[in-house]
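Colleague: What follows is a structure written as structure tokens; I'll ask about it next.
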Amino acid sequence: MNAIQVVEQKQVRLYDDELLAVKAADNQVYVSVNQMCEALGIAPPMQRRRIRDHEILNEGYVLGTVLTEGGRQQAGLLRADLVPLWLIGIQIKSVRDDVRPKLKLFIRRAAAVLAEAFAEGRLTTDPDFEALLAQESEAVQAYKVLQAMVKLARSQILIEARLDHHDDRLADYETRLEAVETVLGDTGRHVTPDQAMQISQSVKLVALELGKRSQKNEYGAVYGQFYREFAITSYKQLPAGQFDRAMAWLTDWYRRITGATAPGEAPF
């Protein structure tokens, strides 16, 4: 067995089980074979032999030094992308009846969950998570905005790396950087403090009018709708170039609530 250099270690939750996963110096993700076997209620020695005897699985079966409660120990690790291939080969009759549904879930999701734990910081999974993302709650919208930020920031990092060797891509860099700054923010491109105050006061007026009719505190709802409309997480992050549109949007909302029609009837 080859040995790898572990650079990062995590306990990844896969449904009801905790699995030890590591990221190696080769940028690959590996998982403890013993812990996978324990989660499925099967004997580790037999599975280790089966992995070593398999021409493809053996290529991704390595030794790595991991940190445990008993100190540093060497563990047999399988590369995450090979986990489904290993699991498919397990005899269904070798696992308990109550474990068989879990085996199917592991086959479908284990490799992706293990990779995501290091790629995006996701340490848990829920079989209904994708369905939850289809909802229109404020939490879902915030999650999607943050995911967009991560992806844009990653694009910027990759572009900067390429620029070290390809000066002719400078135009592309400038275009993408503007897109990143729009989401992630550049203090020189945001609205001014005075403009931010105007937005805040306008939001409060809209919320106040809504509250008169609903008998509820509508501030959170109005801010949430504003953030979704302009893909930001704070009104202070609004790009300066979007200020006029934002004020027009709030003014139109206010007029629709109050029935005002003349331009001068809007208080902002």
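The values are calculated or read from the model by the stated rules, or taken from the named source; none is laboratory data. All values reported here derive from a predicted model rather than from experimental measurement. So basically every Cβ, Gly included, is an ideal-geometry build from the backbone, and we count neighbours across all protein chains shown. Protein only, heavy atoms only, side chains kept; ligands, DNA and RNA dropped before computing areas. Shrake-Rupley method; radii C 1.70, N 1.55, O 1.52, S 1.80 Å.
Colleague: Please give the FRET efficiency for MET197 paired with ILE157, using the beta carbon to beta carbon distance and R0 = 35 Å, rounded to the nearest 0.05.
Modeller: Details: r = 34 Å, r/R0 = 0.98.
Plugging the Cβ-Cβ distance into 1/(1 + (r/R0)^6) gives 0.55.
Colleague: Which net charge results for the neighbourhood of MET197, defined as the other residues with beta-carbon distances under 14 angstrom from its beta-carbon, given Lys and Arg at +1 and Asp and Glu at -1?
Modeller: Working: positive: LYS204, LYS236; negative: ASP194.
Combined, the nearby Lys, Arg, Asp and Glu give +1.
Colleague: Now a separate question. For an R0 of 22 angstrom, estimate the FRET efficiency from the Cβ-Cβ distance between ARG189 and ILE257 and round to the nearest 0.05. Show your work: numbers first, answer last.
Modeller: On the way: r = 31 Å, r/R0 = 1.41.
That pair, ARG189 with ILE257, gives E of 0.10.
Colleague: Okay, next question. Less than 16 Å apart at the alpha-carbon level, and either on another chain or at least 8 residues along: which lysines does that give for LYS23?
Modeller: Correct list for LYS23: LYS10.
Colleague: Return the FRET efficiency for the residue pair GLU229, ARG13: r is the Cβ-Cβ distance, R0 is 30 Å, and the value is rounded to the nearest 0.05.
Modeller: Working: r = 35 Å, r/R0 = 1.17.
Efficiency, from the Cβ-Cβ distance: 0.30.
Colleague: Between LEU63 and VAL95, what is the label-to-label distance in nm when each label sits 7 Å out along the Cα-to-Cβ direction?
Modeller: Each label point lies 7 Å from its Cα, and together they span 2.9 nm.
Colleague: In addition: With all protein chains present and a 1.4 Å probe, how do LEU152, LEU57 order by accessible area, largest first? Write down the numbers at each step before the final one.
Modeller: Working: LEU152 40, LEU57 0 Å².
Heavy-atom accessible area, descending, gives LEU152, LEU57.
Colleague: Assuming 0.36 nm per residue, please report the length gained on full extension of the stretch ALA248 to ASP26 beyond their Cα-Cα distance.
Modeller: On the way: separation 222, 0.36 × 222 = 79.92 nm, distance 5.23 nm.
The span from ALA248 to ASP26 would gain 74.7 nm if fully extended.
Colleague: Still on this structure, please answer the following. Using mean Cβ contacts within 10 Å as the protection proxy, how do 199-207, 41-49, 249-257, 93-101 order, highest first? Before the final figure, lay out each step's value.
Modeller: On the way: 199-207: 18.9, 41-49: 14.2, 249-257: 16.8, 93-101: 11.3.
Highest-to-lowest ranking by the protection proxy: 199-207, 249-257, 41-49, 93-101.
Colleague: In addition: Leaving out ligands and nucleic acids, and using a 1.4 Å probe, what accessible area per residue does the range 1-118 come to in Å²?
Modeller: Values: 6300 Å² over 118 residues.
Here the residues of the range 1-118 average 53 Å² of exposed surface.
Colleague: Read phi for every residue in the range 242-250 and hand back ³J(HN,Hα) as whole Hz from Karplus 6.51 cos²θ - 1.76 cosθ + 1.60, θ = phi - 60°, with x for Gly and Pro.
Modeller: Values, residue by residue: 9, 4, 4, 5, 5, 5, 5, 5, 5 Hz.
Colleague: Would you mind computing, in nm to one decimal, how far apart the modelled labels at LYS104 and ARG213 are, each placed 7 Å from Cα along Cα→Cβ?
Modeller: Result: 4.9 nm between the two label points.
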